[in-house]
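S.K.: Here's a structure for you.
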Amino acid sequence: MERYRFLMSGSGGQGVITMAIILAEAAVIYEGRTAIQSQSYGPEARGGATRSDVIVADGPIFFPKVLHPNCLVALTSEASNKYLHLIRPGGLFLYDSDLVQFDVRVDMRRKGLPMHRAVMETLGKPQTFNICVLGALAVLTEAVTLESLEKVLMTRFAEVHHKNNRTALQLGADMAAALVEN
Amino acid sequence: MSAATTGKTPGKKAAVQAAEPEIRFVQGNEACVRGALYAGLKFFAGYPITPSTEIAEHLAELLPRKGGVFIQMEDEIASMCAVCGASLAGSKAMTATSGPGFSLKQEAIGYACMAEIPCVIVNVQRGGPSTGLPTKVAQGDVMQARWGTHGDHSIVVLTASSVQDIFEITVEGFNIAETYRTPVILLFDEVVGHMREKLVVPKQGELHVADRLYTEVKPGVNYHPYLPREDGRLPSSDFGGVHRYNVTGLFHDIFGFPTEHPDQVSKLIYHLVDKIENRAHLLARWKEYYLEDAEHVILSYGSPARSARHLVENRRSKGDRVGLIELQTIWPFPAQLVREKTAHAKNIFVAEMNMGQVTTLVKQAVVNPNRVFLVNRVDGVMLNPQDIGRVMRTIEGRGF
């Protein structure tokens, strides 16, 4: 398996770090892989640019940070402007097509999906936006399976959230699958 | 507030119910908590501060469940004093802090040295001096951990570079504190403290857990709290228990009462220093990779040791004779070990995130101090493998 170097970015409160933890935990606990998650953050609790790095591999991981991602996730334009130049040639760029505008010419596989809109239309609340992104990410990268992600969601969150989390995860997965088929 | 109470922050819930072995995906700070509980922690007093906050946060939840006591104190000074008191009364005790909080604890750490109170102080290092860089990484407290409290004394300082190592070194820290009745500083850094990776929690009994040595003196018989045995160890009696005795930060006699008698003063200071320095070889913990034929040796500790390992593995795969020694005991500084392990190296690179605190020690330890080079980064960003590679390239005469 290739070594996945995820750089996930967005605005504070969008669930970027939560999303990174769930992905890495799914890889370690349910798929027996090696993964490291780290984050950089400032003193603010909401707003501001948030970044979390996740490396998933079959062998040991020593340096825990991602200098150049082969999979970049951006949920705001600010995040995309800040990190897009770091992406490895040919890397995957997953972004929310409504929230992110960018004007950079880089050799990459760009995958824009209206994930935020889809979550709002289906569930009416933005809280599971990050879970929807995870669903899309799992299908686009195959770094972890949807089943492993779902297992983490079931253990990490209270039962009252299970239904919406499942819906959001599947929503992201279906959108990404449609994109792959086209 | 709602986000916190609806359980949306991962890490707060007990995550995995995997049967055997228990595998968790946790931050270094949580691994420290799990290690402390494994070692038998019964008392924690602290004042949460970034980047050590998660230690207090997790213990607030877990320690009372294990029958222990968690107190959030009014400040760091009071927390350290409470830790001294709890330990004297017989509990394994710990506090955790960062940055300016570590400065505030220094006076009571000195008290613990003088009164020979076993305790563990965690310092998850951030940028300084002063409030510095609260959320960013640094390793600028190496000398403060050793000399932060005034007066001649010795102290034990341990560090770690992975979540698994943090667990194990925390258990080790308690063992050393209890065995030698000394404060032990666990000097972690923001990167390892906040990083999440796999933790395999050892089964109870798998790792050695040392308990305090107690006196065999019967109740009602004179107990000398500060009369070391021949091996230098002091048998304890829980303060407030069956023996009455005095504890003071002043120089004291075998009863614990103040003295200024030169013989007794001298005897005590030699005892405090010797009980640790004479055991430097026993207290040394380290890891080494490819040292046998290494022309270039990197010495590192804490999170930069991960970058060093990354670089060493890469260069070894290309046939370069590069090796790594990762120190886990910083104080007492294992000078003899460093001298022996680097004896055949052409160049020694010390990778650390400060202005050369351990580099100075390495220069003092090795045969040729002119071949010791500092590779550092002090901008709040983790030292990366390329940073180390560039300095090595320059020294090897291969350009920048």
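The values are calculated or read from the model by the stated rules, or taken from the named source; none is laboratory data. Small disclaimer: the values here were computed from a predicted structure and weren't measured. Every residue, glycine among them, receives a Cβ derived from its backbone with ideal geometry; neighbour counts consider all protein chains shown.
S.K.: Across the stretch A:18-32, what is the total count of residues that are in contact (Cβ under 8 Å) with a residue 40 or more places away in the chain and either surrounded by fewer than 21 Cβ atoms within 10 Å (Cβ to Cβ) or not aliphatic (A, V, I, L, M) (or both)?
M.R.: 4
S.K.: Given A:L7, A:L23, which one is of a type outside the set (S, T, N, Q), more than 8 Å from chain B (Cβ to nearest Cβ) and in a strand (DSSP E or B)?
M.R.: Values: A:L23 fails: in a strand (DSSP E or B).
Going through A:L7, A:L23 in turn, just one is of a type outside the set (S, T, N, Q), more than 8 Å from chain B (Cβ to nearest Cβ) and in a strand (DSSP E or B): A:L7.
S.K.: Now for a different question. Evaluate the following for B:A308: is it crowded, with 19+ Cβ neighbours inside 10 Å, assigned to a loop (DSSP other than H, G, I, E, B) and more than 19 Å from the chain's Cα centre (by Cα)?
M.R.: So B:A308 fails the test.
S.K.: How many of the residues making up the stretch B:162-197 are β-branched (V, I, T), away from chain A (no Cβ under 14 Å) and under 11 Å from the mean Cα position of the chain (by Cα)? I'd like the intermediate steps shown before the answer.
M.R.: Taking the stretch B:162-197 and keeping what is β-branched (V, I, T), we get B:163, B:166, B:169-171, B:176, B:179, B:182, B:184-185, B:191-192.
Restricting the remaining residues to those that are away from chain A (no Cβ under 14 Å) gives B:169-171, B:176, B:179, B:182, B:184-185.
Filter once more, keeping what is under 11 Å from the mean Cα position of the chain (by Cα): B:169-171, B:176, B:184-185.
So the count comes out to 6.
S.K.: Among the residues of the stretch B:376-390, count how many are more than 14 Å from chain A (Cβ to nearest Cβ) and surrounded by 18 or more Cβ atoms within 10 Å (Cβ to Cβ). Can you show your working first?
M.R.: Of the residues in the stretch B:376-390, the ones more than 14 Å from chain A (Cβ to nearest Cβ) are B:376, B:378.
Okay, now just the ones that are also surrounded by 18 or more Cβ atoms within 10 Å (Cβ to Cβ), so B:376.
Number satisfying all stated conditions: 1.
S.K.: Restricting to the stretch A:81-102, and then to whatever is at pLDDT below 95 and aromatic (F, W, Y), can you tell me which residue is surrounded by the most Cβ atoms within 10 Å (Cβ to Cβ)?
M.R.: Out of the qualifying residues, it is A:Y83.
S.K.: Of the conditions (1) modelled with pLDDT of 95 or more; (2) under 25 Å from the mean Cα position of the chain (by Cα); (3) over 25 Å from B:M355 (Cβ atoms), B:G232 clears all except one; give me its number.
M.R.: Unmet condition: (1).
S.K.: Do the conditions hold for A:V54, that is, is it within 11 Å of chain B (Cβ to nearest Cβ), out of contact with any helix residue (DSSP H, G or I) (no Cβ under 9 Å at 6 or more places or on another chain), among the β-branched types (V, I, T) and surrounded by 15 or more Cβ atoms within 10 Å (Cβ to Cβ)?
M.R.: Details: within 11 Å of chain B (Cβ to nearest Cβ): yes; out of contact with any helix residue (DSSP H, G or I) (no Cβ under 9 Å at 6 or more places or on another chain): no; among the β-branched types (V, I, T): yes; surrounded by 15 or more Cβ atoms within 10 Å (Cβ to Cβ): yes.
No, not satisfied.
S.K.: For the stretch B:325-361, which positions are touching a residue at least 60 places away in the same chain (Cβ under 8 Å), more than 14 Å from every other protein chain (Cβ to nearest Cβ) and farther than 16 Å from B:R285 by Cα?
M.R.: Filtering the stretch B:325-361 down to residues touching a residue at least 60 places away in the same chain (Cβ under 8 Å) leaves B:326-332, B:352-355, B:357-358.
If we keep only those that are more than 14 Å from every other protein chain (Cβ to nearest Cβ) as well, we get B:327-332, B:352, B:354-355, B:357-358.
Selection gives B:E352, B:N354, B:M355, B:Q357.
S.K.: Look at B:L250 and say whether it is at pLDDT 95 or above, exposed (fewer than 15 other Cβ atoms within 10 Å of the Cβ), farther than 30 Å from B:S161 by Cβ and among the hydrophobic types (A, V, I, L, M, F, W, C).
M.R.: Working: at pLDDT 95 or above: yes; exposed (fewer than 15 other Cβ atoms within 10 Å of the Cβ): yes; farther than 30 Å from B:S161 by Cβ: yes; among the hydrophobic types (A, V, I, L, M, F, W, C): yes.
It is true that B:L250 is at pLDDT 95 or above, exposed (fewer than 15 other Cβ atoms within 10 Å of the Cβ), farther than 30 Å from B:S161 by Cβ and among the hydrophobic types (A, V, I, L, M, F, W, C).
S.K.: Quickly run through the stretch A:76-105 and pick out the residues that are within 23 Å of A:V180 (Cβ to Cβ) and hydroxyl-bearing (S, T, Y).
M.R.: Answer for the stretch A:76-105, where residues must be within 23 Å of A:V180 (Cβ to Cβ) and hydroxyl-bearing (S, T, Y): A:S80, A:Y95, A:S97.
S.K.: Condition test on B:V163, is it closer than 19 Å to B:G90 by Cα, in the same structural domain as B:R24 (by TED's automatic domain parsing) and not hydroxyl-bearing (S, T, Y)?
M.R.: For B:V163, the condition - closer than 19 Å to B:G90 by Cα, in the same structural domain as B:R24 (by TED's automatic domain parsing) and not hydroxyl-bearing (S, T, Y) - is not met.
S.K.: Assuming B:R279 fulfils every condition listed in (1) away from every other protein chain (no Cβ under 12 Å); (2) more than 21 Å from B:V142 (Cα to Cα) apart from one, which condition is it?
M.R.: Exception for B:R279: condition (2).
S.K.: Would you confirm whether any residue within the stretch B:89-110 is of a type in the set (D, E), within 22 Å of B:E172 (Cα to Cα) and at pLDDT 95 or above? Don't jump to the end; show me each part of the working.
M.R.: Filtering the stretch B:89-110 down to residues of a type in the set (D, E) leaves B:107.
Going one step further and asking which of them are within 22 Å of B:E172 (Cα to Cα), we end up with none.
So far as the stretch B:89-110 goes, no, none of its residues is of a type in the set (D, E), within 22 Å of B:E172 (Cα to Cα) and at pLDDT 95 or above.
S.K.: Condition (residue is within 14 Å of another protein chain (Cβ to nearest Cβ) and touching a Phe, Trp or Tyr at 6+ places or on another chain (Cβ under 8 Å)) applied to the stretch B:211-233: is it met by at least one residue? Please lay out each step first, then the result.
M.R.: Of the stretch B:211-233, the ones within 14 Å of another protein chain (Cβ to nearest Cβ) are none.
No, the stretch B:211-233 contains no residue that is within 14 Å of another protein chain (Cβ to nearest Cβ) and touching a Phe, Trp or Tyr at 6+ places or on another chain (Cβ under 8 Å).
S.K.: For the list (1) within 14 Å of chain B (Cβ to nearest Cβ); (2) of a type outside the set (F, W, Y); (3) surrounded by fewer than 24 Cβ atoms within 10 Å (Cβ to Cβ); (4) touching a strand residue (DSSP E or B) at 6+ places or on another chain (Cβ under 7 Å), I need the number of the one condition that A:E78 fails.
M.R.: In the conditions (1) within 14 Å of chain B (Cβ to nearest Cβ); (2) of a type outside the set (F, W, Y); (3) surrounded by fewer than 24 Cβ atoms within 10 Å (Cβ to Cβ); (4) touching a strand residue (DSSP E or B) at 6+ places or on another chain (Cβ under 7 Å), A:E78 misses (1) alone.
S.K.: Also: Looking at B:R229 and the list (1) out of contact with any Gly (no Cβ under 8 Å at 6 or more places or on another chain); (2) surrounded by 14 or more Cβ atoms within 10 Å (Cβ to Cβ); (3) of a type in the set (K, R), which single condition is not satisfied?
M.R.: That leaves (2) as the condition not met.
S.K.: Look through the stretch B:132-154, keep the residues that are part of a loop (DSSP other than H, G, I, E, B) and among the hydroxyl-bearing types (S, T, Y), and return whichever of them is nearest to the other protein chains (Cβ to nearest Cβ).
M.R.: From the stretch B:132-154, those part of a loop (DSSP other than H, G, I, E, B) are B:132, B:138-141, B:148-154; that's our starting set.
Okay, now just the ones that are also among the hydroxyl-bearing types (S, T, Y), so B:149, B:154.
Values: B:T149: 29, B:S154: 33 Å.
Looking at residues that are part of a loop (DSSP other than H, G, I, E, B) and among the hydroxyl-bearing types (S, T, Y), I get B:T149.
S.K.: Filter the stretch B:25-57 for residues that are within 14 Å of another protein chain (Cβ to nearest Cβ), within 19 Å of B:L199 (Cα to Cα) and assigned to a loop (DSSP other than H, G, I, E, B) and give the result.
M.R.: Once the filter is applied, which keeps residues that are within 14 Å of another protein chain (Cβ to nearest Cβ), within 19 Å of B:L199 (Cα to Cα) and assigned to a loop (DSSP other than H, G, I, E, B), the stretch B:25-57 yields nothing.
S.K.: Okay, next question. Kindly check whether there is at least one residue in the stretch B:181-191 that is in contact with a Leu (Cβ under 8 Å, 6 or more places away or on another chain) and among the basic types (K, R). Quick ask: steps written out before the conclusion?
M.R.: Our first condition is that a residue be in contact with a Leu (Cβ under 8 Å, 6 or more places away or on another chain); within the stretch B:181-191, this holds for B:181, B:184-187.
Subsequent filtering for residues that are among the basic types (K, R) retains B:181.
Within the stretch B:181-191, one or more residues are in contact with a Leu (Cβ under 8 Å, 6 or more places away or on another chain) and among the basic types (K, R).
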